[in-house]
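Following: one structure in structure tokens, then a few remarks.
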Amino acid sequence: MLAQAVGVWAWANYGDEIIKRVLAAVASGALDKVAGGAKAGWERVEWKLASRKYREKIQELHGTTRVLGKPDPISLEGIFTDVFILDTPTAYRRYDIEKLRQEPVQVKASFSERLNGLKLVKNSWRTRLFILGKPGAGKTTFLKYIALQATKGTLDKVPIFVGLKEWSDSGLDLMAFLVKQFDICGFPDALPFVEHVLEKGDAVVLFDGLDEVKQEKELRNTTIAEIRDFTNKYHRTQCLITCRIAATDYTFEKFTYVEIADFNDEQIFAFAGKWFKDDERKYESFREGIKKPENSGLYELASVPILLTLLCLSFNTTMEFPQRRVEVYEEALDALLKLWDATRSIKRDEIYHGLTHNRKRQMLARVAAVTFQENKYFVPQAELSNHIVKFLRQLPGAEVSTDIDGDAVLKSIEAHHGILSERANRIYSFSHLTFQEYFAAKEVVDDPSGASLRGLLSPKTVADDRWREVILMTASLLNNAAVFFERFRAAIGELIQDEPNLVEMFEWANRKARTAAEPDEIVIERLYYLSLGLIFDIDRSMSRERARACQVTLGRAEQFVGMLKSEVDLFRNRLTAFPLGLNKKRADNEALELDRAYDIPFEFEVSSQVIATSPASVDLELTRLQFLSDLISDSVDEGPRRAFTPKFANYYRRTRERHQLDFGEAVEQTLNQIASPEGSLVAQHVWIKFADQLRRALQQQRDIGHKWRLTKHHVEVLSQVLQASSLMYDCLQVAAVDDRQFIAQSLLSPSDNLTTIQ
């Protein structure tokens, strides 16, 4: 009867192989240790009912999960995304800092193999796994999933889930704690059964959260000792232990150390697909939005499940990512610093336990500011520890011990919060670049002297992509950003203050914009005229390097127009008609090169949609006319001049008539001379004369056609001003400031801000 009862229980849950093994044990008397009244109790138990209760208990305890921001637990399988395991933990890497700096992505990808977590547990010969993971990486969720799969027979093991904190707090020894899990499911005297499945290797014991066991009163050391004894005694039983990275310095013999990998693109979108499974439109919007360049910082956070959860929660409410992305970062950091443990009723041992939540933020801000200023993402452990100690020694004695172990504090921060992470052996970084940028911005905002703000906004930083996110976050965090924008405008002004050619060009663009535009369009018009000024300086004698710089700068101008939601197509159609990249060659193939170049500018049939009558549009078309006349007159080859002179003359006359322009008698006489039937034989100097006459007429009548004598350096500085101005515009979208309209209209007028604010 006992054999039959145990067989029914095993059959209901764990498959043929375990059934055969348990029945064989009963038949051989291996379970005869169950004696007397206890044995009689076993014979009376309803095994099918007991098995169902145990399965229901596993599913009740581990079939749901709590998610930050949601009051009720949700189905684990409804949200679970396949976990992948790195077969070598990141901290075991022996790469030096230079290798990490040069090829961080390649190093990470090549060093460790990504293995499917369930397959690793199910099929691997490595039955002992010590699974490391960042805070919020999904360690507990993974063990819960393993337990559920075992109840379904996917894993041919009896699952025994041991929350190490719960066990440690219970005061029971380990075997008594395991037996209790079965006792409450209707097993009388379950000890013999538990011991049997452990001895035969028919169980998988899931030890979760070693880092959650307190160190006080030797509790963690006691826990470790019992786990070691247990795994040595039941060496055939599969055991998994989870722990936060760097939570301990101890080792478990015969365990393979692995690490839960960050989510990749496929996992991120698989998780989001399950989160938004009831709203396909919302999922598609999330997928499209998170991949936008401006959300790259948020996308980086999405690689950690707990932070991806926060992003999904935020997006679920508004159908967009917050314009003040700093709010998401702050919520994420709260989750890591205090909220995540609070929701799980965990109070960790902390070597720096005297520090308040705000002090911890201040310390991380100081470390981030120093390392970011020094352009250090990867920092040696000793250097990082020194930064921590230096900060802590500044605090009152009541807050921190005078005997400070910087390495221990660093390890504690990594283990408890995951904000700092060991990337290779004794080489650290912030776990996400976004966190380093956020804390660097916090250091600026919290500096009452203003010195940090002056250092943040300099000509070097405002045009450097590396500082972009720090500057944006600073603007977003300030209660009043008036001084921030004063300093920003001054920094842009300093970019050109030693470049008189550019100062003159910016003053001209500002003058033209004020006469051609309404106040709310003045920045757009400045962009047009700055681009026009650049184009006027293009000629065939410029180097390819300068031509490439012009292309980059015009590209920045186009991007800026797009940010301002202007007529991007008009801007693009006009400006891309100019063949940049020409290089004067004194070779036989010059004519062929010119033929290719002329293919673009001589598209004379301009569509009616492109032609506009605004002053800026007319000036753009006249700029094109002037550019073409310069290009033809510059040709030393008679062939191209002869071929294109009639086309140019027709285009010139149509343009003049369409806009009712009069360029003067001298210009008309010279044009008639080169456009006459004999004009193809006119010497080059006559064409040069016409181009010069047309330029002077445009300068006098429309204040365009000026030569700014821009070098490659000037073009690059102009590009920097455009880059810095677009960043200033982005900052304005997230900042709290009084005179928003004034700041917006001051964009691209750096010559008005040449006095540096001290």
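Just so you know, all these numbers are worked out from the coordinates, no wet-lab data involved. Being a predicted model, the structure only gives us computed values, none of them experimental. Ideal geometry is used to build each Cβ from the backbone, glycine not excepted, and the neighbour counts take in all protein chains shown.
Cβ-Cβ distance of Glu280 and Glu218, R₀ of 41 Å, FRET efficiency by 1/(1 + (r/R0)^6): the value works out to about 0.15.
Counting only other residues whose beta carbon sits under 10 Å from that of Glu253, what net charge do I get with K and R as +1, D and E as -1?
+3
The local environment of Arg126, defined by Cβ-Cβ distances under 11 Å, has a net charge of +1 under the rule Lys, Arg +1 and Asp, Glu -1.
Could you sort out which of Lys122/Lys144; Lys57/Lys233; Lys214/Lys390 sit more than 21 Å apart by Cα distance in this structure?
Numbers: Lys122/Lys144 14 Å; Lys57/Lys233 27 Å; Lys214/Lys390 28 Å.
Beyond 21 Å: Lys57/Lys233; Lys214/Lys390.
Pull out the extension gain between Lys119 and Ala176, defined as 0.36 nm times the separation in residues minus the alpha carbon to alpha carbon distance; nm, one decimal. Between Lys119 and Ala176, full extension yields an extra 17.4 nm.
Sorted from greatest to least, the principal axis extents spanned by the alpha carbons of region 230-304 come out as 55, 27, 15 Å.
Packing-wise, with mean Cβ within 10 Å as the measure, how do 706-719, 464-477 rank, highest first? Please report the intermediate quantities before stating the final value.
Details: 706-719: 18.3, 464-477: 20.9.
Peptide ranking by packing, descending: 464-477, 706-719.
Less than 11 Å Cβ to Cβ from Leu364, Lys/Arg counted +1 and Asp/Glu -1: what total charge do the surrounding residues give? Here the charged neighbours net out to +4.
Would you kindly state how much longer the chain becomes between Glu504 and Arg709 on full extension, computed as 0.36 nm times their sequence separation minus their alpha carbon distance, in nm to one decimal?
On the way: separation 205, 0.36 × 205 = 73.80 nm, distance 1.10 nm.
Stretched out fully, the Glu504 to Arg709 stretch lengthens by 72.7 nm.
For Asp334 and Asp692, the FRET efficiency from 1/(1 + (r/R0)^6), where r spans their Cβ atoms and R0 equals 56 Å, is about 0.25.
The Rg/Rh ratio of region 126-271, with Rg taken over Cα atoms and Rh as the Kirkwood radius over Cα pairs, comes to 0.97. If the segment from Glu327 to Asn479 were pulled out straight at 0.36 nm per residue, it would be longer than the present Cα-Cα gap by 53.3 nm. Between Val162 and Leu206, Phe207, Asp208, the built amide H atoms are under 5 Å apart, and every one of these is 5 or more places off in sequence or on another chain.
Taking a cut-off of 15 Å, what percent of all Cα-Cα pairs in region 265-343 are separated by more than that?
52 percent
FRET efficiency for the pair Thr356 and Thr318, taken as 1/(1 + (r/R0)^6) with r the Cβ-Cβ distance and R0 = 41 Å, rounds to 0.80. Modelled spin labels at Lys291 and Arg654, positioned 7 Å past Cα toward Cβ, are 4.2 nm from each other.
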